[in-house]
1. Of all the residues that make up the range 88-120, how many are of a type in the set (D, E, K, R) and under 13 Å from Glu68 (Cα atoms)?
2. Kindly indicate whether Thr75 is hydroxyl-bearing (Ser, Thr, Tyr), surrounded by fewer than 21 Cβ atoms within 10 Å (Cβ to Cβ), within 10 Å of the chain's Cα centre (by Cα) and at pLDDT 95 or above.
3. Within the range 54-63, is there a residue that is touching a residue at least 60 places away in the same chain (Cβ under 8 Å) and closer than 16 Å to Lys106 by Cβ?
4. Take Gly40 and decide whether it is at pLDDT 90 or above, surrounded by fewer than 17 Cβ atoms within 10 Å (Cβ to Cβ) and farther than 23 Å from Asn90 by Cβ.
5. Filter the range 46-70 down to the residues that are surrounded by fewer than 19 Cβ atoms within 10 Å (Cβ to Cβ) and farther than 17 Å from Val93 by Cβ and list them by number.
6. State the number of residues belonging to the range 64-115 that are of a type in the set (Val, Ile, Thr) and not in a strand (DSSP E or B).
Amino acid sequence: MKQKTKKSSNNKSIEINFIITNYDNMEQINVISKGTSIKGDVVSDGDMRVDGTINGNLIVKGKLFMGENGYINGTVASQNAELAGRIDGNIRVSGLLSLLKTSIIKGDLVISQISIEPGARFSGHCSMGEEERTENNTYIEQSEEQYIAQ
């Protein structure tokens with residue numbers, strides 16, 4: 001897992017990294033818990049769960065799960081995503097995007113597949129298909145490279 005500490009405008013370094021280990025599969029999941037707020041871009045090589053707030057872009061190379069209390073104000077890119085919270089920004093998913101009944105999405109989607117539960121709210125444009133899968137994978141890789149180069 002790659003980590004990068006950024007200095008905020010008041011020159012303080014903040015690094016938040018919570019890991020939950022699933023001992024059956026020994027997978028690591030990064031968690032942004034309810035009550036946690038992050039200002040700035042977040043990049044994860046693995047899966048991520050968001051129950052807190054992110055004011056910035058989020059790049060997840062694995063699966064993104066957002067709980068009902070999760071909120072992101074920025075662009076989101078991931079391989080797969082299951083969303084129950086709110087996103088104000090564009091979303092790019094190279095695999096399956098699942099919008100659960102409590103999700104509120106305001107932004108454009110570029111996806112390969114989508115599943116929408118009754119009650120989910122979406123306002124924006126949606127582009128989907130096989131060409132988006134390749135485009136999204138390239139976007140995720142390029143976005144991570146640009147972030148790391150900073």
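The values are calculated or read from the model by the stated rules, or taken from the named source; none is laboratory data. Not measured: the values here are computed from a predicted model. Cβ: placed from backbone, ideal geometry, glycine included. Neighbour counts: every protein chain shown.
1. Looking only at that region, the number is 1.
2. Taking the combined requirement at face value, the residue satisfies it.
3. There is at least one residue in the range 54-63 that is touching a residue at least 60 places away in the same chain (Cβ under 8 Å) and closer than 16 Å to Lys106 by Cβ.
4. No, not satisfied.
5. Asn55, Gly56, Glu68, Asn69
6. 2
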